[in-house]
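The values are calculated or read from the model by the stated rules, or taken from the named source; none is laboratory data. On a predicted model such as this, the values are computed, not experimentally measured, just so you know. Here the Cβ is made from the backbone with ideal geometry for all residues, glycine too, and neighbour counts use every protein chain on show.
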Amino acid sequence: MRAAVLQLNAQGMSSTKLYNYIRIAHKKNVKLLLLGEYTLNPFFKELESMSVSMIKEQAEHQIKVLKELSTTYNITIIAPLIIVKKQNIYKTTVRFAPNSISYYQQQLLINYPHWDEENFFDNKIKKIESPLVFKIDGFKFAIMNGFEIHFDEIWAQLANKSIDCVLLPSVSTFDSYNRWKNLITSRAFTHNCFVLRANRIGEYKDKNLSWQFYGDSILASPYGEVISHLGNKEELMIVDMSHTEVIQARKSWGFKEMIHKRNTRSGL
């Protein structure tokens, strides 16, 4: 499976770079393109001061563009977007396939005093459900928004779905570089799957803080190793992933079989 990460800063209403990079990806036979959070929308702190009508206008424009690109170039695009429905604002990741569109509303949102998405967005607070799962040419993906990687409960929803790759759009900042790399590689290893992370770049400044988005988009292997990663510049990363490698890693370590054996013997 050939996929790509497009590492960008916030693009606003401009689509020029998307068109240019997707043409390149198409020529390289890429099947799936992943974008980072707040790449096609302003950063969260900027959204707080925007009108709902402006947010809605941006989302409708980006949806139209991404539909066209996916169909024209026969590529699946995974794009975090801020969606407005009946004046409610939802933090969503959208899968644009050549013939269909699917939406995944983020289930676990940041709720810290300096960055409180949970109280700003209208995403429902409810029991954890499975993230969005889909296949391309038999290769199975799941979408998990960046903050959600921290929670065992959401990973448990994927435990029996035989996921080959978790797609992780993120917007990591401050001094979290090493922590995020360790977290991604650990999750990839303990679940024996690829984790493909797209982190945005650029900067947002407010009165008290400078939010530096440092990139470091990563592909981690089912063995917990970093196969490929980017720096902190605008760039397209093309990667190849193998279902066979996922199967081999699971056979080698036997994590799932160990739990299955115990559940079976206890009658569960």
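Restricting the first member to region 75-94 and to residues that are touching a residue at least 60 places away in the same chain (Cβ under 8 Å) and crowded, with 19+ Cβ neighbours inside 10 Å, and the second to residues that are small (Gly, Ala, Ser) and assigned to a strand (DSSP E or B), the beta-carbon pairs closer than 6 Å and six or more apart or on different chains are Thr76/Ala97. Report, by residue number, each residue of region 157-182 that is small (Gly, Ala, Ser), touching a residue at least 24 places away in the same chain (Cβ under 8 Å) and more than 24 Å from Gln212 (Cβ to Cβ). Correct list: Ala159 only. Got a sec? Which of Gln7, Gln11 is free of Cβ contacts under 8 Å to residues at least 60 places away in the same chain, closer than 21 Å to Gly231 by Cβ, of a type outside the set (A, V, I, L, M, F, W, C) and in contact with a Ser or Thr (Cβ under 8 Å, 6 or more places away or on another chain)? Matching residue, one of Gln7, Gln11: Gln11. Does Leu66 satisfy the criteria of being touching a strand residue (DSSP E or B) at 6+ places or on another chain (Cβ under 6 Å) and outside any strand (DSSP E or B)? Judged against the criteria, Leu66 is a match.
Across region 205-221, the qualifying residues are those that are buried (at least 24 other Cβ atoms within 10 Å of the Cβ) and among the small types (Gly, Ala, Ser), and the one among them that is nearest to the chain's Cα centre (by Cα) is Ser217.
Here is a yes/no grid of residues against (1) surrounded by 20 or more Cβ atoms within 10 Å (Cβ to Cβ); (2) under 18 Å from Phe44 (Cβ atoms):
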{"site": "Asp116", "(1), (2)": "no, yes"}
{"site": "Lys124", "(1), (2)": "no, no"}
{"site": "Lys127", "(1), (2)": "no, no"}
{"site": "Pro131", "(1), (2)": "yes, no"}
{"site": "Asp137", "(1), (2)": "no, no"}
{"site": "Ala142", "(1), (2)": "yes, no"}
{"site": "Asn145", "(1), (2)": "yes, yes"}
{"site": "Glu148", "(1), (2)": "yes, yes"}
{"site": "Asp152", "(1), (2)": "no, no"}
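Glu37 meets all of the listed conditions (1) of a type in the set (D, E, K, R); (2) buried (at least 19 other Cβ atoms within 10 Å of the Cβ); (3) within 15 Å of Ala97 (Cβ to Cβ) but one, namely (3).
Of the residues making up region 144-170, those that are in a loop (DSSP other than H, G, I, E, B), modelled with pLDDT of 95 or more and not charged (D, E, K, R) number 7.
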